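Taking it in order: structure first as structure tokens, then the write-up.
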Amino acid sequence: MIEKLEKDMINSLKSKEKERLTVIREVKAAMKQAQIDQKKEINEELLTEVVSKAIKTRKESIKEFEKGSRQDLVDKTTFEIEVLNEYLPEQLSEEEIRKIIEETFEKVQPTSQKDMGKIMGTLTPLLKGKADMGEVSSIIKEKLSNLSF
């Protein structure tokens, strides 16, 4: 993915795709900053972390733009999310996510809502970057509320 990022940056420069180039440069800058702040080497995991964070921020921005009736900004931000998604691992389907959550529930055996942390702690390494963790969290809450304690 890191090589793809580099190649895409060069291609965007050559084809004068300014919006795409801006997004790619932001990702590279955020990776550099994360490398310095967290003292981590630049690798696929760091790229996934940076891109996931950027997508989450943009999704929150879209909600605000919609409230303000700014369709131009919604469209621009949606395009940016599409570009960012190219640098994430293949996303799991909701069915696959639910299956992994089900397996985790069998392993952890939650007894109350208080076990949410245990479940998320087990699931995060399995799903980080492969699924929207907000969606994962809401599925878990739903399952916990349906359990009879």
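Bear in mind these aren't lab numbers, they're just calculated from the coordinates by the rules spelled out. Remember, it's a predicted structure, so these values are computed and weren't measured experimentally. As a convention, Cβ positions derive from the backbone with ideal geometry for all residues, glycine included, and neighbour counts pool all protein chains shown.
How are the C-alpha pair distances of the stretch 94-146 spread across 10 Å bins, as whole percents from the shortest bin up?
Per 10 Å bin, starting at zero, the Cα-Cα P(r) for the stretch 94-146 comes out as 26, 65, 10 percent.
Compute the orientation-averaged projected area for the stretch 2-85 from the convex hull of its Cα atoms and round it to one decimal in nm². Could the numbers behind the result be given before it?
Values: hull surface 22.6 nm².
Projected over every direction and averaged, the Cα hull of the stretch 2-85 covers 5.6 nm².
Quick one: Debye curve from the alpha-carbon atoms of the chain only, equal weights, vacuum; give me log10 I(q)/I(0) at q = 0.12 Å⁻¹ to two decimals.
After summing over all Cα pairs, the log10 values are -0.63.
Find out how many positive minus negative residues lie around E142, taking Lys and Arg as positive, Asp and Glu as negative, among other residues whose Cβ is under 11 Å from that of E142.
On the way: positive: R98, K141, K143; negative: E135.
Within the 11 Å Cβ shell, the charges total +2.
Taking θ = phi - 60°, what integer Hz values does the Karplus form 6.51 cos²θ - 1.76 cosθ + 1.60 yield along the stretch 109-122, in sequence order, with x for Gly and Pro?
Using θ = phi - 60°, the values come out as 6, x, 10, 7, 4, 5, 7, 4, x, 4, 5, 4, x, 6 Hz.
Count charges around K14 for me, please; just the other residues with Cβ under 11 Å from its Cβ, Lys/Arg as +1, Asp/Glu as -1.
Details: positive: K7, K16; negative: D8, E17.
Around K14, the surrounding residues sum to 0.
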